[in-house]
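For reference, the structure discussed in these notes is given below.
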Amino acid sequence: MTGEILSSVNSLIFGVWFLMGAALVFWMQAGFAMVEAGFTRAKNTGNILMKNLMDFCIGTPMFILIGFSLLLGEDMMGIIGKPGFDIFTSYASFDWSNFVFNLVFCATTATIVSGAMAERTKFLSYCIYSAVISAVIYPVEAHWIWGGGWLSQIGFHDFAGSAAIHMVGGLCALIGAAILGARIGKFEKNKDGKVTKVNAFPGHNLPLGCLGCFILWLGWYGFNGAAATSVEQLGSIFLTTTVAPSVATVVCMVFTWLKYGKPDVSMCLNASLAGLVAITAGCDVTDCFGAIVIGAVAGLLVCFGVWFLDYKLRVDDPVGAVAVHFCNGVWGTIAVGLFATTSAPGNDSVVGLFYGGGFGQLGLQLVGIASVCAWTAVTITIAFSLIKATVGLRVTPEEEIVGLDSCEHGLPSAYAGFSIMDVSNTMTMDVNENTNLGVDEYAAASGTQKDAAVRVVRTPDLGTGIYKVSIISRLSRYDHLKKAMNDVGVTGMTVTQVMGCGVQKGAGERYRGVEMDATLLPKVKVEVIVGNIPVETVIEAAKKALYTGHIGDGKIFVYSVDKVVKVRTGEEDLAALNDVE
């Protein structure tokens, strides 16, 4: 009788822990949002927060309608679960806990993709492919692994989702980012189209990214540990889930310190997540030594993955999602076949190569990786191709430059109260209908049209041969202007964001349905000093870069600079200070 009571209590406790683990995994959505927002630019923060919210909110009805039954429905030939609506027809006997637990895992798979495709993806397109992942792609392969499908039948082991979740999400992210293309300015190319330089876009808020990393690490104890069935197994899972990311972070810190001269903060944050991803598949079957090795490899692999995408594949991944989730999802799944040991509590059948198990389990792991990757690659490529051919995947260049907060959501700024300049009502613009000059191409425009679009104002020439050229333009033309200046040989420039309003007028946006006043528009001021290059060459290049065929495309001020510089002595400075006092 006592044994039955203890068994019942134990079952009840772990039933509650199962749901607590699901809540921790749900909380990881906040972590993903913080990491992604912190590692990208401020002008896209609202868009990123919205996407991470909608991952779960769109995924929930899709999982109700089809995803859950495909995952855990009655097995059909080891391929899919039998579609059904038990959640509606048999709610009294429905497995509520299992539904919630698998739902939060499904949402995690979808949210991984948003990081690699951040800052240039249409929000509508994101909603569509997020729904496809939640409804079909994840449930089918997860059925193979956890729902009684063919991979589980042959002995493939992925306890908490290195393959089923992270590898799948990372592969979707890789394919999506490749199809989408890089952000404007990420890769510089020569006239032959060959990439000559990779530019870094630092995240705008590392504290936010760090907070997200810690939130994810906390949530990972539920991610890996929720399915534990004994206190001993849970304790071992917590140990491996702590050791692997810690070692990965230390290894990454040492590596970046040696390679770059200083330890890289954002890379170390990625390494913590990489170690967590890598240990997820085998957290229940590895010991401390195995976790150390798995973490050490993960710490190096994330650095290699980021470099490989930038310099070899030329795929732009703003947050390192592919290196963290795909590369280490694959590694963690393979590691089960190397480091699984029966000394781990609750494991009496899965043994890796380095613990006397031979190549059998390793072979099964490789079969699982290949089959899941094949399914994912085919289905997500079809999904992205259909979206691209219909509603389109990518925003326009001007929308990308201005920022998705404004263009996709009508949000002036996610940091309106903290802006260094007031951009709260200025991130969109209406062109005055009376400013169109009728010719869009600079080469086809007449001299009068060119002068009307980009006015040049000069001060009297002092005959010094040195000029200061100050150029005011729209934000959307800045990259064109910068390239034009580089092409004519200007190697130094001062860039300032300013506010202004001329023939263009500010367009009001709405916040919670209330229209906000708009008066000023964001502009960019570029200042260069010209000496060796003919000033007319600089002016002509700037006019061509700014021209869009409208009056008010820009304005250029040319100042002749006096070469005589007055040097003040220390006594004069002291006298001036005394006069002020």
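The values are calculated or read from the model by the stated rules, or taken from the named source; none is laboratory data. Small disclaimer: the values here were computed from a predicted structure and weren't measured. Backbone-built Cβ (ideal geometry, glycine too); neighbour counts: all protein chains shown. We work out accessible area using only protein heavy atoms, side chains counted, and drop any ligands, DNA or RNA first. Shrake-Rupley method; radii C 1.70, N 1.55, O 1.52, S 1.80 Å.
A few points about this structure:
- When you restrict to C-alpha pairs under 8 Å that are six or more residues apart and normalise by the size of the range 271-318, the relative contact order lands at 40 percent.
- Accessible area in the full protein assembly, largest first, 1.4 Å probe, for R474, R458, R120: R458, R474, R120
- Burial order of peptide ranges 81-87, 525-531 (average beta-carbon count within 10 Å, highest first): 525-531, 81-87
- Solvent-accessible area, 1.4 Å probe, carbon plus sulfur percent, for the range 115-258: 70
- A protection proxy built from the mean count of other Cβ atoms within 10 Å ranks the segments 317-329, 127-139, 186-198, most packed first, as 317-329, 127-139, 186-198.
- Heavy-atom accessible surface of L211, to the nearest 10 Å², is about 90 Å², with a 1.4 Å probe and all protein chains retained.
- Note: the range 142-206, Cα convex hull, 157 Å³ per residue.
- For K523, the residues whose amide H sits under 5 Å from its own are V498, M499, G500, ignoring neighbours fewer than 5 places away on the same chain, with H placed 1.01 Å from N.
- Residue-level accessible surface for C288, protein heavy atoms, 1.4 Å, Å²: 60
- When only alpha carbons are used to place a centre, the range 371-405 and the range 218-262 end up 32 Å from one another.
- By accessible area with a 1.4 Å probe, ligands and nucleic acids excluded, highest first: order of Y311, Y442, Y91: Y91, Y311, Y442
- Listed residue pairs exceeding 32 Å between alpha carbons, taken from K194/K388; K122/K259; K82/K122; K122/K468; K262/K543: K122/K259; K82/K122; K122/K468; K262/K543
- According to the Kirkwood relation over distinct C-alpha pairs, the hydrodynamic radius of the chain is 26.8 Å.
- Rel. contact order, % - alpha carbon contacts under 8 angstrom, at least six apart, the chain: 15
- Residue-level accessible surface for M76, protein heavy atoms, 1.4 Å, Å²: 80
- Lys, Arg +1 and Asp, Glu -1 on Cβ, resulting dipole of the chain about Cα centre, debye, nearest 20: 1460
- Cα shape, the range 311-367, gyration tensor, a/c 1.5 rule: prolate
- Between the Cα long axis of helix 206-225 and the first principal axis of the chain there is an angle of about 10°, rounded to the nearest 10.
- Highest-first arrangement of 255-264, 49-58, 478-487, 446-455, where packing means the average Cβ count within 10 Å: 49-58, 478-487, 446-455, 255-264
- Share of Cα-Cα pairs in the range 1-129 lying beyond 24 Å, as whole percent: 44
- Segment S11-F289, extension gain: residue separation times 0.36 nm, minus the distance between their alpha carbons: 97.0 nm
- Length-normalised contact order for the range 181-250 - Cα pairs under 8 Å, 6+ apart - percent: 16
- Spin-label pair N190-W27: with each label point 7 Å from Cα along the Cα-Cβ axis, the two points sit 5.4 nm from one another.
- When both bridge partners sit in the chain, DSSP labels roughly 85% of those beta bridges antiparallel.
- Looking at the chain, the accessible area is 45 square angstrom per residue; that uses a 1.4 Å probe and ignores ligands, DNA and RNA.
- Sorted largest first by accessible area at a 1.4 angstrom probe radius, with every protein chain in place, the residues T491, T333 fall in the order T491, T333.
- Every helix of 4 or more DSSP H residues in the chain counts as -39500 (n - 2.57), and over all residues that averages to -17000 deg cm²/dmol at 222 nm.
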